[in-house]
Amino acid sequence: MVIGSEELAANLFRITQTEAKMRREGTDTPQKANAAHYQVGKAVRETIKGLGGTMPEDLPTPEKSIKELEAETRKQLKSKKD
């Protein structure tokens with residue numbers, strides 16, 4: 001399964017908004033950074049819920065992990081070289 005456009009967009013939005021918040025506030029400690037991440041993540045989740053979207057924990061689980069996919073890709077690349 002591939003990450004869906006909604007999940008990808010939500011993650012990118014959360015990341016960019018957290019970075020912007022940290023810059024605006026001059027975040028200078030790990031504790032403040034964690035607080036910023038939490039606040040933005042909470043707001044994004046509330047927006048998803050308010051719009052009737054699927055919450056991240058309710059999205060389908062991929063059949064294979066990233067490590068499994070990476071191993072398969074390495075194996076395929078190696079076999080192409082041989």
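The values are calculated or read from the model by the stated rules, or taken from the named source; none is laboratory data. Computed from a predicted structure; not experimentally measured. Cβ coordinates were reconstructed from backbone atoms using ideal geometry, including for glycine residues, and neighbour counts include every protein chain displayed.
I want to confirm something. Restricting to the stretch 43-58 and keeping residues that are surrounded by 11 or more Cβ atoms within 10 Å (Cβ to Cβ) and of a type outside the set (Lys, Arg), which single residue is modelled with the lowest pLDDT? Ranking the qualifying residues of the stretch 43-58, first place goes to 56. Among the residues making up the stretch 9-22, a single one is surrounded by 15 or more Cβ atoms within 10 Å (Cβ to Cβ) and among the β-branched types (Val, Ile, Thr): 18.
Within the stretch 64-80, not a single residue is touching a residue at least 24 places away in the same chain (Cβ under 8 Å) and within 19 Å of the chain's Cα centre (by Cα).
Residues checked against (1) of a type outside the set (Val, Ile, Thr); (2) surrounded by 14 or more Cβ atoms within 10 Å (Cβ to Cβ); (3) assigned to a helix (DSSP H, G or I); (4) in contact with a Gly (Cβ under 8 Å, 6 or more places away or on another chain):
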position	(1), (2), (3), (4)
7	yes, yes, yes, no
24	yes, no, yes, no
28	yes, no, no, no
38	yes, no, yes, no
41	yes, yes, yes, no
62	yes, no, no, no
70	yes, no, yes, no
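When the criteria are applied in full, residue 15 fails the requirement of being touching a Pro at 6+ places or on another chain (Cβ under 9 Å) and not small (Gly, Ala, Ser).
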